[in-house]
Amino acid sequence: KKLMTKDDLDAIHSMLKQQAAFANASIDAIYACTDLADSGSKSRKPNTGMGRQAKKQFPQINFEKSVMVGDSQTDMGFGESLGMKTVFIGPKTNKTADKTFENLWEFAQWLGA
């Protein structure tokens, strides 16, 4: 949508990795699809392209033991298509997710963070 450049996105990802490291955590990889919705890209959710890319880079990934946390139906569709558990962050009206939380704080509390 030309709201930011690839360099802008890379800077955000770099900052995200730095903040994770500051919290004694790590991010092994970040996948992003910058293709527009009408592109037909296999990487746009709910298509599973980015999940398959991650599995190729990290063959030990087991989708059946993975969780997709998101705030859209396309996120839930992505997770469901790969056999993941799904967690929806948003209004509790979502009926397709395995779990729903109104916000990330509620989800973190449930996780015991």
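What the table shows:
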item	result
222 nm mean residue ellipticity, helices alone, for the chain (DSSP H n ≥ 4; -39,500 (n - 2.57); rounded to 500)	-11500 deg cm²/dmol
Rounded to the nearest 10 Å², the accessible area of residue 111 at probe 1.4 Å	110 Å²
Karplus-derived HN-Hα couplings along the stretch 27-32 (A = 6.51, B = -1.76, C = 1.60, θ = phi - 60°), whole Hz, x at Gly and Pro	10, 6, 7, 10, 10, 9
Percent accessible area from carbon and sulfur atoms, the chain, protein chains only, probe 1.4 Å	54 percent
The stretch 6-113: equivalent-ellipsoid semi-axes (sqrt of 5 x gyration tensor eigenvalues, Cα, Å)	21, 20, 15
Label-reachable residues, the stretch 32-50, where backbone N falls under 20 Å from a point 7 Å from residue 6's Cα toward its Cβ	32-45, 49-50
Reachable lysines from residue 1, criterion Cα separation under 23 angstrom, eight or more residues apart if same chain	42, 45
DSSP-assigned coil residues among GluC sites (Glu not before Pro) in the stretch 67-113, each with at most 16 further Cβ atoms within 10 Å	102
Among 32, 21, 54, residue whose mean-square fluctuation peaks in a GNM of the chain (springs only between Cα atoms under 10 Å)	21
Low-density loop cleavage sites - trypsin sites (Lys or Arg not before Pro) in the stretch 1-86, where at most 11 other Cβ are within 10 Å (DSSP)	1, 2
Greater than 27 Å apart at Cα, pairs in 65/95; 65/99; 6/55; 6/99; 56/95	6/99; 56/95
Accessible area, probe 1.4 Å, largest first, for residues 67, 87	67, 87
Solvent-accessible area per residue, Å², over the chain with all protein chains present [probe radius 1.4 Å]	73 Å²
Sequence-separation-based contact order of the stretch 27-96, relative, with Cα cut under 8 Å and 6+ spacing, percent	26 percent
Among 79, 51, 90, residue whose mean-square fluctuation peaks in a GNM of the chain (springs only between Cα atoms under 10 Å)	90
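The values are calculated or read from the model by the stated rules, or taken from the named source; none is laboratory data. Source: prediction; values computed, not measured. Quick reminder, even Gly has a Cβ in these numbers, built from the backbone with ideal geometry, and neighbours come from all protein chains shown. Areas reflect the complete protein model, heavy atoms only, side chains present, ligands, DNA and RNA absent. Shrake-Rupley method; radii C 1.70, N 1.55, O 1.52, S 1.80 Å.
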